[in-house]
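Asker: Questions regarding the structure given below will be posed in turn.
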Amino acid sequence: MTIALTLTNLRVAEHPGGALVVGPSLGTAVAPLWSRCVDHLPLDLTVVGWDLPGHGGSPPHDAPFTVEDLAGAVVQATEELRDDATGMVLYAGVSLGGAVGLALAIDHAQGFDGIVGIAAGARIGEPDAWHERAELVRRAGTPVMVEVSAKRWFAPGAIERDPATAAALLDSLQEADRLSYARCCEALAVFDARDALGAVELPVLALAGEHDPVATLEMAETVAAATGGTARTIGGAAHLPPADQPAATAHEITEFLMGPVAEASAW
């Protein structure tokens, strides 16, 4: 299946070494989610983000697709970036973007040196709930999700601390294509990578927000245990750590890149 994804350059390193591909959460555009976090990452990293179908800059897509289809589209869209990288290539995604990261680790390990799943899990939520949300958004549009998403996305005090970032993220939700959003919900409804995690050979870091009601630390620990990876908590964050706690999220990614990823790449 062909899914068109739009890439956004969040930073082009003056003296490039490695590359980082970042992915969004359901309902968010990648730029407002990741821009502040990128400022705290190593300067030799070129950082490129991708948008979900019908979100941010990516065109709508109203046909069934799976998380694995999205992973394949990410591989295709980032081929030139990965070929040109002179150092390690890392992937980091949030929620649905984190699930895509696990699919990359399972099916496309040759394209990346490490995977960071943020506010994600090998299975996220319950199928019936995702199908119900898909039908609601098809009928009422994405603005119907703004109030409940704000409560899930941001830790206490986060909106007041950085109202501009919160507004940009909630605006990206309201502007997302309702049919594409519904298809993303249906992809999450059938996503279950739990039985495949044992075959993952890439270094994996699973990050959970301290206040996340959706993707818990227990889910991150399950991923880490199955893949031989590491699970950590981002204090003061809810479901969108790169926006909620950009410096802390960047610190964890940097430590992972310089530690387990570099060690694995040296073999």
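The values are calculated or read from the model by the stated rules, or taken from the named source; none is laboratory data. Remember, it's a predicted structure, so these values are computed and weren't measured experimentally. Note: ideal-geometry Cβ built from the backbone for every residue, glycine included; neighbour counts use all protein chains shown.
Asker: Which of the residues that make up the stretch 189-205 are of a type in the set (Asp, Glu) and touching a residue at least 12 places away in the same chain (Cβ under 8 Å)? Please lay out each step first, then the result.
Answerer: We begin by selecting, within the stretch 189-205, every residue of a type in the set (Asp, Glu); these are 192, 195, 201.
Answer for the stretch 189-205, where residues must be of a type in the set (Asp, Glu) and touching a residue at least 12 places away in the same chain (Cβ under 8 Å): Asp192, Glu201.
Asker: If you scan the stretch 193-220, which residues turn out to be over 25 Å from Ala155 (Cα atoms) and surrounded by fewer than 15 Cβ atoms within 10 Å (Cβ to Cβ)?
Answerer: The answer is Arg194, Asp195, Gly198, Ala199, Glu201.
Asker: Considering only the stretch 79-104, how many residues are touching a helix residue (DSSP H, G or I) at 6+ places or on another chain (Cβ under 7 Å) and either modelled with pLDDT under 95 or among the small types (Gly, Ala, Ser) (or both)?
Answerer: Of the residues in that region, 6 qualify.
Asker: Could you say which residue among Ala224, Ala215, Ala208, Ala247 is without any contact (Cβ under 8 Å) to a residue 60 or more places away in the chain and either under 18 Å from the mean Cα position of the chain (by Cα) or within 26 Å of Val146 (Cβ to Cβ) (or both)?
Answerer: Details: Ala215 fails: without any contact (Cβ under 8 Å) to a residue 60 or more places away in the chain; Ala208 fails: without any contact (Cβ under 8 Å) to a residue 60 or more places away in the chain; Ala247 fails: without any contact (Cβ under 8 Å) to a residue 60 or more places away in the chain.
Going through Ala224, Ala215, Ala208, Ala247 in turn, just one is without any contact (Cβ under 8 Å) to a residue 60 or more places away in the chain and either under 18 Å from the mean Cα position of the chain (by Cα) or within 26 Å of Val146 (Cβ to Cβ) (or both): Ala224.
Asker: Please go through the stretch 255-267 and give me each residue that is in a helix (DSSP H, G or I) and loosely packed, with under 15 Cβ neighbours inside 10 Å, ordered by number.
Answerer: Step one: list which residues in the stretch 255-267 are in a helix (DSSP H, G or I), which gives 255-265.
Glu255, Met258, Gly259, Glu263, Ala264, listed by residue number.
Asker: Could you tell me whether the stretch 118-133 includes any residue that is charged (D, E, K, R), crowded, with 16+ Cβ neighbours inside 10 Å and closer than 24 Å to Ser35 by Cα?
Answerer: The answer is no, given that none of the residues of the stretch 118-133 is charged (D, E, K, R), crowded, with 16+ Cβ neighbours inside 10 Å and closer than 24 Å to Ser35 by Cα.
Asker: Would you point out which residue out of His40, His15, His61 is buried (at least 18 other Cβ atoms within 10 Å of the Cβ) and over 20 Å from Ala220 (Cα atoms)? Steps first, answer last, please.
Answerer: Numbers: His40 fails: buried (at least 18 other Cβ atoms within 10 Å of the Cβ); His15 fails: buried (at least 18 other Cβ atoms within 10 Å of the Cβ).
On inspection, the qualifying residue turns out to be His61.
Asker: Checking the conditions here, which among Gly117, Gly125 is touching a residue at least 24 places away in the same chain (Cβ under 8 Å), out of contact with any Asp or Glu (no Cβ under 9 Å at 6 or more places or on another chain), in a loop (DSSP other than H, G, I, E, B) and not polar (S, T, N, Q)? Don't jump to the end; show me each part of the working.
Answerer: Numbers: Gly117 fails: in a loop (DSSP other than H, G, I, E, B).
Just one listed residue meets the conditions, Gly125.
Asker: Another one. Could you please let me know if Asp192 is within 21 Å of the chain's Cα centre (by Cα) and not in a helix (DSSP H, G or I)? I'd like the intermediate steps shown before the answer.
Answerer: Working: within 21 Å of the chain's Cα centre (by Cα): yes; not in a helix (DSSP H, G or I): yes.
It is true that Asp192 is within 21 Å of the chain's Cα centre (by Cα) and not in a helix (DSSP H, G or I).
Asker: Name the one entry in Leu81, Leu33, Leu90 that is touching an Asp or Glu at 6+ places or on another chain (Cβ under 7 Å) and not hydroxyl-bearing (Ser, Thr, Tyr). Give the steps one after another, and end with the answer.
Answerer: Details: Leu81 fails: touching an Asp or Glu at 6+ places or on another chain (Cβ under 7 Å); Leu33 fails: touching an Asp or Glu at 6+ places or on another chain (Cβ under 7 Å).
Going through Leu81, Leu33, Leu90 in turn, the sole match is Leu90.
Asker: Here is a follow-up. Looking at Ala105, Ala77, which is the one that is among the small types (Gly, Ala, Ser) and surrounded by fewer than 22 Cβ atoms within 10 Å (Cβ to Cβ)? Please lay out each step first, then the result.
Answerer: Working: Ala105 fails: surrounded by fewer than 22 Cβ atoms within 10 Å (Cβ to Cβ).
Just one listed residue meets the conditions, Ala77.
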